[in-house]
Every structure is written in structure tokens, then in C-alpha cells.
């Protein structure tokens, strides 16, 4: 069973038959001190901080994984209205919160 | 005195290397935007054509862009005076456009990307910008 995720109110072409309510996943991740140091050096000349882009991707994946896990436990086969939210708790750490509505589609 | 020389060197390196990196980045962004312009991205959810749909998928992309030392110093001075801080505008612009491009790359062959949302935060302190773009990629039945 593949879990479908969308950030609109429905799954296009399918009808929602059951609602399960809010599901969410969050994570806070950081890179090791060496990568932080490297990023600090990169700050001198500017440009992309690849270590942190990687960090963002990892955090996003983990948060989505937790979201999916929660939805599957409820017996849902789709999540609609998915939203990402970010905040900064600590320097050099990425916090991602993802939430949505678990539903069952035909 | 030694501190002043060090600062001058950092600002000079930041200015010359930073400007080059930014120009190169903008060139690459424009080129990729041209290549990927076939897939429309919209911020609403009512742009679907009346065709049978094969799959729907959540796609996302992110980028972390940092400012150089020169911009940091100039930004600090501009903050003192107030008004438009043009040095940081390009930073946000680059991060967002890069994030949208990466999101598009995650959906090869998609017919349309609905409901684009952009989110920003800071990871590496004050002088960097991190953008996250996400949307729903829709593939029509061929």
C-alpha cells in the first residue's frame, strides 16, 4: 500500500471516504562540530552551505517518515493538506514540524 | 591595527569571491529555470484540467545560502542607517529560487505542481537563509 501525500485539500481524481484527524511528525537534527566549523568558514565568501542543505533534507525526510508512520497506524492510505513548519531552536540545528490530515480514499 | 588589516582582508575576500559566487549562482539558476519552464508551478489548487489522473505526489526541495563577509559588514552599516537592505534581498531570492528548482527536479515529467508553499528559517545563525519549497505534483494519464 502506497501512502499518497498532497498539500491540497483532496487527492485529485479520488474521493475521500473517511477522516482520521490530525497527524504530525517533527524532528530536530544537527551536524557534527567539524561540519559546523566548515560552514562557518564558508560564511566568509558566501554561497551555498551544502552541509546544512543536506541537514535540511535529512530532517525533512525523517519528519515525513514519522508522519507516514502515524498515519499508517491509524489505517489511513492518504494524507491531505500537508504543511511544513520550521523554527530555530539552536544555532546549527534544523527543526522541522510537518502536519496534515490522515484520510482514507477510494 | 592588525585587527583592522585582518578585517579589511576578510571584507576584500568576501567582496571579490562572494560576488563571483553569486553571479555564477544566478547564471546557473536562470539556465535551469529555462530548462524546467515546461512544468508550471501554481500557488492554488484549482488549476487542474479535466483529465484522468495517474498519480499525485508531495514534492519538496530546500537550499541553504549564506552571505559573505562583505555583505555582513555592509548589512550591519545599513541596519544602523535604516531603509532598504538590498544586500540581503538577493540572498533570499537565491535561496527561494534554488529551493523551487530542486522541488521541480524531484518531480521529473510532472504535468503541473499545485499549491506551492515556501518556508524559510535560519540554521547557521544570523547571516544565512534557508528556504524550503513544497507542493503537490500531478501526473495526468497519458
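Any read-out appearing in this document is the output of simple, stated calculations on the displayed coordinates, not a laboratory observation. Every value quoted in this text rests on a predicted model; they were computed, and no experiment measured them. All Cβ positions, glycine included, derive from the backbone under ideal geometry; neighbour counts span all protein chains shown.
Taking only Cα atoms, what is the 0 to 90° angle, nearest 10, from helix B:86-105's long axis to the longest principal axis of chain B? Orientation of helix B:86-105: about 30 degrees from the principal axis.
Rounded if a/c is under 1.5, else prolate if a/b is larger than b/c, else oblate: which is the protein assembly as shown, with a ≥ b ≥ c the root eigenvalues of its Cα gyration tensor? Numbers along the way, then the final one.
Details: a/c = 2.87, a/b = 1.89, b/c = 1.51.
In terms of gyration-tensor shape, prolate.
Using only Cα atoms, tell me the angle between helix B:69-81 and the longest principal axis of chain B; keep it within 0 to 90° and round to the nearest 10. Approximately 80 degrees, to the nearest 10. Going from the residue with the fewest nearby Cβ atoms within 10 Å to the one with the most, B:85, A:56, B:1 rank B:1, B:85, A:56. Modelled label positions at residue A:54 and residue B:73, each set 7 Å beyond Cα in the direction of Cβ, lie 3.1 nm from each other.
Using only alpha carbon pairs under 8 Å that are at least six residues apart, calculate the relative contact order of the stretch A:4-105 and give it in whole percent.
Values: 177 pairs, mean separation 48.1, N = 102.
Relative contact order comes out at 47 percent.
Within the protein assembly as shown, DSSP assigns beta bridges of which about 95% are antiparallel (rounded to the nearest 5). Taking every alpha-carbon pair under 8 Å whose residues sit at least 6 apart, the stretch B:1-105 reaches a relative contact order of 41 percent.
Each of B:46, A:36, B:68, B:93 was scored by other Cβ atoms within 10 Å of its Cβ. Arranged with the fewest first, they read B:46, B:93, A:36, B:68.
Ordered by packing density, taken as the mean number of other Cβ atoms within 10 Å over each peptide's residues, highest first, how do A:63-72, B:23-32 rank? Intermediate results must be reported in sequence, preceding the final value.
Numbers: A:63-72: 18.6, B:23-32: 12.9.
Ranked by mean Cβ neighbours within 10 Å, highest first: A:63-72, B:23-32.
FRET efficiency for the residue B:33 to residue A:32 pair, using the beta carbon distance and R₀ = 25 Å, is estimated at 0.15. Ordering B:136, B:120, A:27 from the fewest to the most neighbouring beta carbons within 10 Å gives B:120, A:27, B:136.
What's the Kirkwood radius of chain A in Å, using all Cα pairs? Let's see the in-between values first.
Details: mean 1/r = 0.0658 Å⁻¹.
Answer for chain A: a Kirkwood hydrodynamic radius of 15.2 Å.
Quick check: convex hull over the Cα atoms of chain B, volume per residue in Å³, rounded to an integer?
Numbers: hull volume 16.3 nm³, N = 142.
Roughly 115 Å³ of hull volume per residue.
How well do other chains shield peptide B:126-134, expressed as the mean number of their Cβ atoms within 10 Å of each residue Cβ? Kindly include the intermediate steps, with their values, before the conclusion.
On the way: counts 2, 2, 7, 1, 8, 2, 9, 1, 7.
Per-residue shielding by partner chains comes out at 4.
Using only Cα atoms, tell me the angle between helix B:2-35 and the longest principal axis of chain B; keep it within 0 to 90° and round to the nearest 10. Its long axis makes an angle of about 20 degrees. Modelled this way, with points 7 Å down the Cα-to-C-beta line, the labels at residue B:7 and residue A:22 are 4.9 nm from one another.
Comparing B:37, B:128, B:62 in a Gaussian network model of chain B (Cα springs below 10 Å), the most mobile by mean-square fluctuation is B:37. Counts of other chain beta carbons within 10 angstrom of each beta carbon in peptide A:57-64 average 2.
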